[in-house]
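**Q** Okay, handing you the structure first.
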Amino acid sequence: HVQLVESGGGLVQAGGSLRLSCVVSGTIFSIPAMAWYRQAPGKQRELVAAITGGGSINYADSLKGRFTISRDNAKNAVSLQMNSLKAEDTSVYYCYAAVAQSTTDRVRQYWGQGTQVTVSS
């Protein structure tokens, strides 16, 4: 069984910063990819940033320069540093991990429960 536990959301003023963290626990052989997504009310879930086990990173074009994703492979953790936050960044942020639980297991997708980020203008 694999679990993703997020932390770090909250309320911040526009221009401020927040750091989200997510730890993956359970039976884990490898985590080929980890990512952060977000979903605002009435909108589809969208990719914020993704990072592979080798450190390759992909950001949503609109967020480049303000958000930074990082990963600690030893701790099975991923973080998202969010700077210069805007009101439009208000969303529920979800941690995502693609996990293989053994050498013969296929990679499965797991999601965290979501953490609310609210940016006041």
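Matching residues to (1) touching a residue at least 24 places away in the same chain (Cβ under 8 Å); (2) among the hydrophobic types (A, V, I, L, M, F, W, C):
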{"site": "7", "(1), (2)": "yes, no"}
{"site": "18", "(1), (2)": "yes, yes"}
{"site": "31", "(1), (2)": "yes, yes"}
{"site": "41", "(1), (2)": "no, no"}
{"site": "44", "(1), (2)": "no, no"}
{"site": "48", "(1), (2)": "yes, yes"}
{"site": "60", "(1), (2)": "no, yes"}
{"site": "66", "(1), (2)": "no, no"}
{"site": "71", "(1), (2)": "yes, no"}
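**Q** Still on this model: Return the residue satisfying two criteria in turn: it lies in region 38-68 and is of a type in the set (A, V, I, L, M) and more than 17 Å from residue 19 (Cβ to Cβ), and of such residues it is most open to solvent (accessible area, probe 1.4 Å).
**A** Restricting to residues being of a type in the set (A, V, I, L, M) and more than 17 Å from residue 19 (Cβ to Cβ), the top hit is 47.
**Q** Something else: Within region 45-52, is there a residue that is outside any strand (DSSP E or B) and more than 19 Å from residue 118 (Cβ to Cβ)? It would help to see each step written out before you state the result.
**A** Our first condition is that a residue be outside any strand (DSSP E or B); within region 45-52, this holds for 45.
Add one more test, that the residue is more than 19 Å from residue 118 (Cβ to Cβ), and what stays is none.
Taking every residue of region 45-52 in turn, none turns out to be outside any strand (DSSP E or B) and more than 19 Å from residue 118 (Cβ to Cβ).
**Q** If you go through region 79-116 one residue at a time, how many are in contact (Cβ under 8 Å) with a residue 12 or more places away in the chain and assigned to a loop (DSSP other than H, G, I, E, B)?
**A** Final tally of qualifying residues: 13.
**Q** Being over 10 Å from the mean Cα position of the chain (by Cα) and modelled with pLDDT of 95 or more is the filter here, so list the residues in region 30-41 that pass it.
**A** 30, 31, 32, 33, 39, 40
The values are calculated or read from the model by the stated rules, or taken from the named source; none is laboratory data. Treat the numbers as computed from the prediction; the structure is a model and nothing was measured. Neighbour counts run over all protein chains shown; Cβ positions are idealised from the backbone, glycine included. Areas reflect the complete protein model, heavy atoms only, side chains present, ligands, DNA and RNA absent. Shrake-Rupley method; radii C 1.70, N 1.55, O 1.52, S 1.80 Å.
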